[in-house]
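The values are calculated or read from the model by the stated rules, or taken from the named source; none is laboratory data. Computed from a predicted structure; not experimentally measured. Glycine gets a Cβ as well: all are built from the backbone with ideal geometry, and neighbour counts include every protein chain shown.
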Amino acid sequence: SCASRMNDGPHYDCSFISTNKELQGMHGMEVAHIHTFFSFTFQGNVYPCAVVQWFDCIGNEPDDDTGMWIVHPMFNHQCCPAIAILHLHSIYCAAHLIPIYGSQLIPLGIEPHHSYDAFQPFYVNKFADHHAFEVAS
């Protein structure tokens, strides 16, 4: 969620969010698409935060064929994206999502920063780095 240095559009990253420290791996994590960072001060304390859109796991275990978890954007009961404000301490590490493209051609005008809106579902790439492998295996 930062401006690009090369004028190629914004970069909206995803992260693993720690939601239950009692559970291992993806069972204790959620995936969220970070929209922006901000902070506020209340009674002399600074609270660093992020505005995120939640993703929901499809199933309770990784895909049999790829070994990767599959997620899709979560929506509330009014069909609006499930948005939350989180303290930055709940962000564990970056998450890399790979769109599941299907059999249709990808539109010519699509930009990388539109991929979270243009595709669904997504594979959670456990091979992105050692942190992702630890969480998503």
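In segment 79-97, how many residues are among the hydrophobic types (A, V, I, L, M, F, W, C), surrounded by 15 or more Cβ atoms within 10 Å (Cβ to Cβ) and farther than 15 Å from residue 51 by Cβ? Number satisfying all stated conditions: 3. Annotation: residue 107 fulfils all but one of (1) within 22 Å of residue 27 (Cβ to Cβ); (2) free of Cβ contacts under 8 Å to residues at least 24 places away in the same chain; the unmet one is (1). Could you list all residues from segment 101-128 that are at pLDDT 95 or above, in contact with a strand residue (DSSP E or B) (Cβ under 7 Å, 6 or more places away or on another chain) and more than 15 Å from residue 13 (Cα to Cα)? Listed by number, the list holds a single entry, 121. Selection of first residues in segment 56-69 that are under 14 Å from residue 25 (Cβ atoms) and of second residues that are among the charged types (D, E, K, R) and in a loop (DSSP other than H, G, I, E, B), restricted to Cβ pairs under 7 Å at least 6 apart or on distinct chains, gives the following pairs, ordered by first then second residue: 68/126. Just one of the listed residues (49, 57) is modelled with pLDDT of 95 or more, in contact with a strand residue (DSSP E or B) (Cβ under 9 Å, 6 or more places away or on another chain), surrounded by 15 or more Cβ atoms within 10 Å (Cβ to Cβ) and farther than 19 Å from residue 96 by Cβ, namely 49.
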